[in-house]
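Chemist: Okay, handing you the structure first.
The values are calculated or read from the model by the stated rules, or taken from the named source; none is laboratory data. Every value quoted in this text rests on a predicted model; they were computed, and no experiment measured them. So basically every Cβ, Gly included, is an ideal-geometry build from the backbone, and we count neighbours across all protein chains shown. Accessible surface is based on the protein model in full, side chains and every heavy atom, while ligands, DNA and RNA are left aside. Shrake-Rupley method; radii C 1.70, N 1.55, O 1.52, S 1.80 Å.
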Amino acid sequence: MFPEDSDFVLKNIGVIGFMYFLFLSGVKMDLSVIKRVGKKHWYIALSGVLVPLCTTGITAIILRKSQEKELATALSVLGVSSALSITAFPVLYPIVRELNLLSSDIGRMALSTAVISDIIGIQGIIMFEACKQGEERTTTALWYLISLIVVMVSIIGGVRQAMLWIVRTTPEGKPVDQIYVIGILLGVLVAGFVADMGGLAMANGPLWLGLAVPDGPPLGATLVQKSETIIMDLLMPFSFIFVGMTTDVYSIITQWSHLQPLFYMALVAYMAKTVSTLIASRFFDMSITDSFTLSLIMSLRGEVELLLFIHWMDFKMIAKPHFSMLVILTVTVTSIVTPLISVLYDPTRPYMVNKRRTIQHTPPNTELHIVACIDGEESLAGVFNLLEVSNPTINSPFKVYALRLMELEGRAAPVFIDHENQENGSDADFNSVYNALKIFEEASGKYIKIHSFTTITSKRSVYQDICELALVKKASLIILPLYKKHLNNFNGTELLAQGNISVNANILKHAPCSVGILVNKGSCYKKHLVNSSARLSAHHFAVLFLGGSDAREALAYADRVAANPDVSLTVTRFLTHNNEGENKMEKKLDDGLVTWFWVKNERNNQVVYQEVVVKNGLETIAAIQAMNTVYYDLWIVGRKHGINPALLRGLSYWGENNELGIIGDFVASADFGSPGSVLVVQQQILRDQESASGSF
């Protein structure tokens with residue numbers, strides 16, 4: 001597998017892999033987070049570093065007589081204790097992302113605390129390197145510090161300024177020129193060479209170079225996008241091969257008596273870090289579960305530790321048996337702790353509540369709280385039109401929390417911005433959205449108030465920010481955009497924004513309130529006149545009522561719309577022949593709401609109510625298709641909970657998009673042929689009531 005003459009090549013590619021890994025980690029790391037974090041993060045980080053540092057040092061002093069000569073020196077004890085006490089951000093970030101905790105409270109706290117720990121760790125490494133090189137000659141340590149200052153000034157004063165110039169000269173919305181990307185990626189090797197030549201350790205140069213890159217778009221995002229796959233999937237495996245080839249498991253057994261002092265030091269360090277972080281977290285009133293989860297996250301080990309172990313071997317501090325034991329210990333700790341974190345901490349736990357937060361259960365003449373998600377300028381028109389026709393009034397105004405969704409690119413730590421309390425003029429894309437929201441709010445007068453937010457996070461984690469905002473602001477409805485664009489050249493063909501689907505699925509599963517998915521086909525609410533019972537209306541909406549909690553929520557929303565004088569509404573209720581397949585409780589709840597709606601709107605000439613009796617799903621589809629002879633601007637339909645299965649019998653083959661439900665997906669499809677947009681409504685699912693959609 002590995003011929004003798006391949007060792008040199010494999011190990012060098014492995015070292016290059018570590019260099020680029022640290023560079024990429026530096027690009028993603030945002031040191032400015034230190035300015036934004038509170039005292040809690042500082043105290044937890046300091047206790048998580050200082051306590052294990054002291055306990056490990058005391059353990060080393062106690063076991064000093066049984067240690068190897070090189071490990072027993074004061075400098076070696078300081079170096080080992082420091083390395084075992086810090087938590088490296090490059091190690092934490094991939095695991096937190098993999099566990100989908102980036103936008104959770106614990107994930108944010110862990111990453112912020114790790115940045116503080118890294119700053120402390122970098123200072124410790126600089127001190128250790130200087131002292132280690134000055135063991136034989138004091139002047140060597142002086143030259144080390146001079147080299148360090150020269151390299152740091154060159155990177156900060158020269159390289160970073162050049163990168164800021166690249167950012168300034170890159171047009172808005174355009175990618176960075178390819179020549180700059182290639183130059184910076186080649187500069188990683190130069191930085192490693194210069195750092196190694198100056199005695200600064202080869203890995204430090206790429207890390208500092210990465211920290212000098214402005215994070216986020218356009219430069220940081222482009223570098224990550226262009227290089228991450230190659231680094232993580234091609235180069236890093238060689239780095240692990242390098243570690244594996246250096247590891248000799250059998251030597252641990254034969255040399256165990258000499259390894260025990262170092263083993264106990266490592267064990268004490270891990271335990272002290274876990275306990276100290278747990279106690280510090282509890283001191284700040286975090287729950288036991290959250291405190292224990294945070295302490296486990298801060299105990300994770302990975303690539304940075306492996307690189308330090310290799311560096312110690314270069315310094316002759318440890319031999320191959322010591323290295324092998326530390327590698328096995330690192331792998332064991334991470335492999336045990338990582339699944340424990342996923343078992344202990346559920347980031348969706350706080351979102352499922354026992355209190356009704358729905359349109360149906362919102363008292364009349366009260367303010368309705370809505371979270372409107374905006375993932376681009378194209379979603380603004382649909383959201384604005386939907387809010388406008390939803391009939392906000394003086395007695396029942398809307399409080400809209402507009403959340404701009406932006407994907408995390410070129411940085412590791414997610415960002416959540418409250419634009420009412422924090423100025424942020426760096427993103428021209430958001431400025432246009434923010435200005436449009438302000439103009440719409442001013443045009444709406446006192447009826448609609450808008451509070452703007454921005455979340456910059458990964459697609460896997462964005463649902464956590466949306467659900468958290470809805471929970472904190474006590475929203476009754478979350479509006480989610482979904483796009484379907486018909487291709488005129490191909491009959492029955494359409495494009496669907498796939499990125500929205502996974503986000504919507506997570507929100508539907510965990511939302512603390514009702515959810516409305518707006519399928520905007522790009523022709524939403526065109527101004528035209530519809531003749532409705534001798535009155536002309538600007539918009540014509542249709543409600544498909546198939547029963548169940550989702551359909552009741554859709555009807556409750558339609559009732560608000562019905563009061564709008566510019567809207568005519570057609571409500572069609574679908575019933576089965578001889579009440580086949582009916583759930584008595586669901587039927588009773590449906591009858592009660594429909595009767596209330598009809599009595600309330602009986603004298604409203606703009607509201608039409610009709611009932612259709614069908615035997616199976618094919619007849620249901622045929623009845624809906626027959627309605628399509630009339631132009632409707634918006635189709636309103638319940639998603640799926642509580643629908644009589646007899647109404648959908650024979651439609652199991654129809655399931656392209658489960659987020660919309662069978663009927664919603666059909667009405668939104670190109671096969672249906674309606675140019676009108678679609679609003680699919682799901683009523684809030686209470687905690688522990690997922691299977692009981694008809695519960696009170």
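Chemist: Given the criteria open to solvent by less than 70 Å² (accessible area, probe 1.4 Å), under 34 Å from the mean Cα position of the chain (by Cα) and in contact (Cβ under 8 Å) with a residue 40 or more places away in the chain, does residue 200 qualify?
Modeler: The answer is no for residue 200.
Chemist: How about the range 577-611: which of its residues are open to solvent by less than 40 Å² (accessible area, probe 1.4 Å) and either in contact with a Gly (Cβ under 7 Å, 6 or more places away or on another chain) or among the β-branched types (Val, Ile, Thr) (or both)?
Modeler: 586, 590, 594, 607
Chemist: For residues that are open to solvent by 10 Å² or more (accessible area, probe 1.4 Å) and not aliphatic (A, V, I, L, M), scanning just the range 553-569, find the one that is farthest from the chain's Cα centre (by Cα).
Modeler: Once the filter is applied, the top-ranked residue is 565.
Chemist: Mind listing just one residue for me: the one in the range 1-18 that is outside any loop (DSSP other than H, G, I, E, B) and free of Cβ contacts under 8 Å to residues at least 12 places away in the same chain and, of those, nearest to residue 94 (Cα to Cα)?
Modeler: Out of the qualifying residues, it is 12.
Chemist: Working only within the range 33-58, note down all residues that are of a type in the set (S, T, N, Q) and surrounded by fewer than 22 Cβ atoms within 10 Å (Cβ to Cβ).
Modeler: Within the range 33-58, 47, 55 qualify.
Chemist: Do any residues in the range 107-130 that are closer than 24 Å to residue 415 by Cβ have Cβ atoms under 6 Å from those of residues that are assigned to a helix (DSSP H, G or I) and among the small types (Gly, Ala, Ser), where the two are at least six apart or on different chains, and which pairs are they?
Modeler: Cβ pairs passing all conditions: 113/45; 116/45; 117/45.
Chemist: Also, quick follow-up: Given the structure, is residue 49 closer than 23 Å to residue 311 by Cα, at pLDDT 85 or above, of a type in the set (Val, Ile, Thr) and under 31 Å from the mean Cα position of the chain (by Cα)?
Modeler: So residue 49 passes the test.
Chemist: Please go through (1) open to solvent by less than 10 Å² (accessible area, probe 1.4 Å); (2) part of a helix (DSSP H, G or I) for residue 388 and return the number of the only condition it doesn't satisfy.
Modeler: Of (1) open to solvent by less than 10 Å² (accessible area, probe 1.4 Å); (2) part of a helix (DSSP H, G or I), only one is false for residue 388: (1).
Chemist: Suppose we filter 261, 214 for residues that are in a loop (DSSP other than H, G, I, E, B) and not aliphatic (A, V, I, L, M); which single one remains?
Modeler: 214
Chemist: For residues that are under 20 Å from residue 516 (Cβ atoms) and small (Gly, Ala, Ser), scanning just the range 334-379, find the one that is surrounded by the most Cβ atoms within 10 Å (Cβ to Cβ).
Modeler: Of everything passing the filter in the range 334-379, 372 is surrounded by the most Cβ atoms within 10 Å (Cβ to Cβ).
Chemist: Residue 21 versus (1) open to solvent by 70 Å² or more (accessible area, probe 1.4 Å); (2) in contact (Cβ under 8 Å) with a residue 12 or more places away in the chain; (3) not acidic (Asp, Glu): which is the lone unmet condition?
Modeler: Failing condition for residue 21: (1).
Chemist: Of the residues 291, 299, 281, 335, which is within 28 Å of the chain's Cα centre (by Cα) and in a loop (DSSP other than H, G, I, E, B)?
Modeler: The unique qualifying residue is 299.
Chemist: For the range 612-632, how many residues meet the condition of being loosely packed, with under 15 Cβ neighbours inside 10 Å and over 18 Å from residue 643 (Cα atoms)?
Modeler: Summing the residues that are loosely packed, with under 15 Cβ neighbours inside 10 Å and over 18 Å from residue 643 (Cα atoms) in the range 612-632 gives 4.
Chemist: For residue 75, indicate whether it is over 36 Å from the mean Cα position of the chain (by Cα) and farther than 28 Å from residue 458 by Cβ.
Modeler: Yes, satisfied.
Chemist: Of all the residues that make up the range 214-231, how many are of a type in the set (D, E, K, R), closer than 18 Å to residue 159 by Cα and surrounded by fewer than 22 Cβ atoms within 10 Å (Cβ to Cβ)?
Modeler: 0
Chemist: Could you list, in sequence order, the residues of the range 591-616 that are in contact (Cβ under 8 Å) with a residue 12 or more places away in the chain, touching a strand residue (DSSP E or B) at 6+ places or on another chain (Cβ under 8 Å), in a helix (DSSP H, G or I) and under 19 Å from residue 548 (Cβ atoms)?
Modeler: Across the range 591-616, the qualifying residues are 594, 597.
Chemist: Say we look at the range 134-157 and pick out the residues that are surrounded by 14 or more Cβ atoms within 10 Å (Cβ to Cβ), more than 15 Å from residue 208 (Cα to Cα) and modelled with pLDDT of 75 or more; which of these is farthest from the chain's Cα centre (by Cα)?
Modeler: Ranking the candidates gives 140 first.
Chemist: Could you pull out the residue among 293, 247, 330, 277 that is in contact (Cβ under 8 Å) with a residue 24 or more places away in the chain and open to solvent by 10 Å² or more (accessible area, probe 1.4 Å)?
Modeler: 247
Residue-wise test of (1) assigned to a loop (DSSP other than H, G, I, E, B); (2) at pLDDT 85 or above.
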position	(1), (2)
507	no, yes
519	no, yes
523	yes, no
527	yes, no
544	no, yes
556	no, yes
559	no, yes
578	no, no
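Chemist: OK, next. Which members of the range 158-181 meet the condition of being open to solvent by less than 90 Å² (accessible area, probe 1.4 Å), of a type in the set (D, E, K, R) and not in a loop (DSSP other than H, G, I, E, B)?
Modeler: Selection gives 160 alone.
Chemist: If you check residue 444 against the conditions, is it surrounded by fewer than 19 Cβ atoms within 10 Å (Cβ to Cβ), at pLDDT below 85 and under 19 Å from residue 33 (Cα atoms)?
Modeler: Criteria not met by residue 444.
Chemist: Considering only the range 394-418, how many residues are crowded, with 17+ Cβ neighbours inside 10 Å, over 19 Å from the mean Cα position of the chain (by Cα) and not in a strand (DSSP E or B)?
Modeler: Counting residues in the range 394-418 that are crowded, with 17+ Cβ neighbours inside 10 Å, over 19 Å from the mean Cα position of the chain (by Cα) and not in a strand (DSSP E or B) gives 2.
Chemist: Among the residues of the range 80-89, write down those that are part of a helix (DSSP H, G or I) and of a type outside the set (A, V, I, L, M, F, W, C).
Modeler: 81, 82, 85
Chemist: For the range 22-65, name all the residues that are more than 30 Å from residue 228 (Cβ to Cβ) and of a type in the set (Val, Ile, Thr).
Modeler: 51, 55, 56, 58, 59, 61, 62
Chemist: Here are 211, 234: which of them is open to solvent by 20 Å² or more (accessible area, probe 1.4 Å), under 24 Å from residue 93 (Cα atoms) and more than 23 Å from the chain's Cα centre (by Cα)?
Modeler: Being open to solvent by 20 Å² or more (accessible area, probe 1.4 Å), under 24 Å from residue 93 (Cα atoms) and more than 23 Å from the chain's Cα centre (by Cα) holds for just one of 211, 234, which is 234.
Chemist: Separate question: Consider residue 77 carefully, then state whether it is more than 21 Å from residue 44 (Cα to Cα), open to solvent by less than 30 Å² (accessible area, probe 1.4 Å) and in a helix (DSSP H, G or I).
Modeler: Yes: the conditions hold for residue 77.
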